[in-house]
1. Anything in the range A:52-68 that is crowded, with 22+ Cβ neighbours inside 10 Å and either of a type in the set (S, T, N, Q) or within 22 Å of B:Ser84 (Cα to Cα) (or both)? List them, or say none.
2. Select from the range B:148-164 the residues that are touching a residue at least 60 places away in the same chain (Cβ under 8 Å) and under 30 Å from B:Gly96 (Cβ atoms) and list them in ascending order.
3. Of everything in the range B:1-23, what is modelled with pLDDT of 80 or more, on the phi < 0 side of the Ramachandran plot and assigned to a loop (DSSP other than H, G, I, E, B)? Give them in sequence order.
4. Can you pull out every residue in the range B:191-210 that is within 7 Å of chain A (Cβ to nearest Cβ), surrounded by fewer than 22 Cβ atoms within 10 Å (Cβ to Cβ) and among the polar types (S, T, N, Q)?
5. Looking at B:Thr101 and the list (1) within 15 Å of B:Leu50 (Cβ to Cβ); (2) facing chain A (nearest Cβ under 7 Å); (3) among the polar types (S, T, N, Q), which single condition is not satisfied?
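The values are calculated or read from the model by the stated rules, or taken from the named source; none is laboratory data. Predicted, not measured: the structure shown is a model, and the values here were computed from it. Backbone-built Cβ (ideal geometry, glycine too); neighbour counts: all protein chains shown.
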Amino acid sequence: MRVFSDMWAYLSDGANWAGSDGIAALLGQQLLLTVTALLMAMVVGLPIALWLGHLGRGGFLAINISNVGRAIPTFALLALLVVASWPGTDVLGPYGRAGLATLIALTLFALPPIITNSYVAMREVAPDVREAARGMGMTGQQRFWRVELPLGLPLVVSGLRLALVQVWATATIAALVAGPGLGQIITDGFFRSNYGKGIAGALVVAAVALVLELLAALVQRAVDPTRRGTPSGGHTDALSVTGATVESPAESVG
Amino acid sequence: MTLLGAADDPSCYSRLVNDWVCMDYVTDRQQEIVEATIQHIGITVVSVVLGLLIAFPLALLARRVPRLESAILGITTGIYTVPSLALFPLLVPFTGLTATTVVIGLALYALTILVRSLLEGLRSVPDDVRESATGLGYGRGQLLLKVELPLALPVVMAGLRVATVSTVALTTVGSLVAYGGLGNLIKDGVLTNFRAELFTASLLCVVLAFALDALLVLVQRMLTPWTRGVRA
């Protein structure tokens, strides 16, 4: 297992962390990419999905967008964007080589989980709660802000959490098409048969992914107004298959 | 050769033209494309089946020992969180630069989805159905095979569809270790700026995902004839 000692040597050498293409700089770059893309997807996706969910319209689109998003390989979309004449491989400020192409791909892949979960979050508010709010004389806006949004928030946040995981993974893959981010260490190590380096990069990427997921899970717990979150596969769980993300389309076909 | 080539119109996948959509490429490189597609299907199917084989006992264990449930779900979710480009390298020290690396990685991802859908499916079986079966004298094993699993099937199949579609997409990343099926063509397309190759391989990936999904829907219809006409 010489690769492990190589990996350790790579990670413990301070020189590999410093500099413009060191681990620290690439980590910062990938975090910047991730945050930017997630924010852009939230700005675009959240208002539309929440509003559609409030009105109860466009459910077919909101739910199937996740299924379509899942079928498109992130690698293929990134490759298409990079090879196309626009956006191509142009450097975009701090986002690095092929920065724009990467940001577009990241945002596109963050949208499906955000849209589907936010839509379902609004629809899954219990009908009697909704009716009670209406009976109390609340207007549509009041119902949205004071009833539906607080009750649906955990599911909305679980969509954001899923999007975060997706964006981080896609940002890593960007390096496979000569894009920015930590994946560069992985692909560079592999293409030059320096496997210790590749595995070191993978370890850093995986560790950060787990930390991000944990932070997101904490946020999700914090916003649950009822605090009866069922972490083991209840409806609030983003990965749960009978949960919001796939149930309706999958069942209606059968 | 170059002189002769210049006399004709350049092929739509020549360096000069480099079209995205080019049927000449598909006919000329047919063998390469077919081989990549077969490798892609092979890796996908083996991964999902392997994932299912591991997920099944795990789900049963989680159900039998409730204390283990959150541990199993926590660990599988943790694996799911690791990006594929990072997961494959982490497996390389154990499995080398082989198709096994890709298959194990993809099976681990499929596993997460499948364990959850198996648990959800079994949980969706109504208690009174279970009690009636027990009252009729079904033992534990028979109850599982003849009552619970068939009733859980719609939910399990939903999970299997999600797992299959995402595995088709993720297989492309296997090109890191040169076993990525159509992903190998995509990678080559990026490196050599070969648009027809890149576009054809990407399109085939998506088509493959939807074809396998449709196939699973058909299988589900055949396996659960009683659900037809009940749901809208």
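1. Residue satisfying the conditions is A:Ser66 alone.
2. Once the filter is applied, which keeps residues that are touching a residue at least 60 places away in the same chain (Cβ under 8 Å) and under 30 Å from B:Gly96 (Cβ atoms), the range B:148-164 yields B:Leu160, B:Ala163, B:Thr164.
3. Of everything in the range B:1-23, those that are modelled with pLDDT of 80 or more, on the phi < 0 side of the Ramachandran plot and assigned to a loop (DSSP other than H, G, I, E, B) turn out to be B:Ser11, B:Cys12, B:Tyr13, B:Ser14, B:Arg15, B:Leu16, B:Val17, B:Asp19, B:Trp20, B:Val21, B:Cys22.
4. Matches in the range B:191-210: B:Asn193 only.
5. Every listed condition holds for B:Thr101 apart from (2).
Residue-wise test of (1) more than 14 Å from chain B (Cβ to nearest Cβ); (2) in contact (Cβ under 8 Å) with a residue 40 or more places away in the chain; (3) under 30 Å from B:Asn18 (Cα atoms).
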{"site": "A:Leu46", "(1), (2), (3)": "yes, yes, no"}
{"site": "A:Ala49", "(1), (2), (3)": "yes, yes, no"}
{"site": "A:Ser66", "(1), (2), (3)": "no, yes, no"}
{"site": "A:Leu80", "(1), (2), (3)": "no, no, yes"}
{"site": "A:Leu92", "(1), (2), (3)": "yes, no, yes"}
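To keep it simple, each residue is scored yes or no on (1) at the interface with chain A (Cβ under 7 Å from one of its Cβ atoms); (2) in contact with a Leu (Cβ under 9 Å, 6 or more places away or on another chain); (3) surrounded by 22 or more Cβ atoms within 10 Å (Cβ to Cβ).
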residue: B:Gly180; (1), (2), (3): no, no, yes
residue: B:Gly189; (1), (2), (3): yes, yes, yes
residue: B:Leu212; (1), (2), (3): no, no, no
residue: B:Val217; (1), (2), (3): yes, no, no
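Per-residue answers, yes or no, for (1) free of Cβ contacts under 8 Å to residues at least 60 places away in the same chain; (2) more than 7 Å from chain A (Cβ to nearest Cβ); (3) assigned to a helix (DSSP H, G or I); (4) under 23 Å from B:Ala201 (Cα atoms):
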{"position": "B:Leu97", "(1), (2), (3), (4)": "no, yes, no, yes"}
{"position": "B:Thr112", "(1), (2), (3), (4)": "yes, no, yes, no"}
{"position": "B:Gly141", "(1), (2), (3), (4)": "yes, yes, yes, no"}
{"position": "B:Lys146", "(1), (2), (3), (4)": "yes, yes, yes, no"}
{"position": "B:Ser166", "(1), (2), (3), (4)": "yes, no, yes, yes"}
{"position": "B:Leu170", "(1), (2), (3), (4)": "no, yes, yes, yes"}
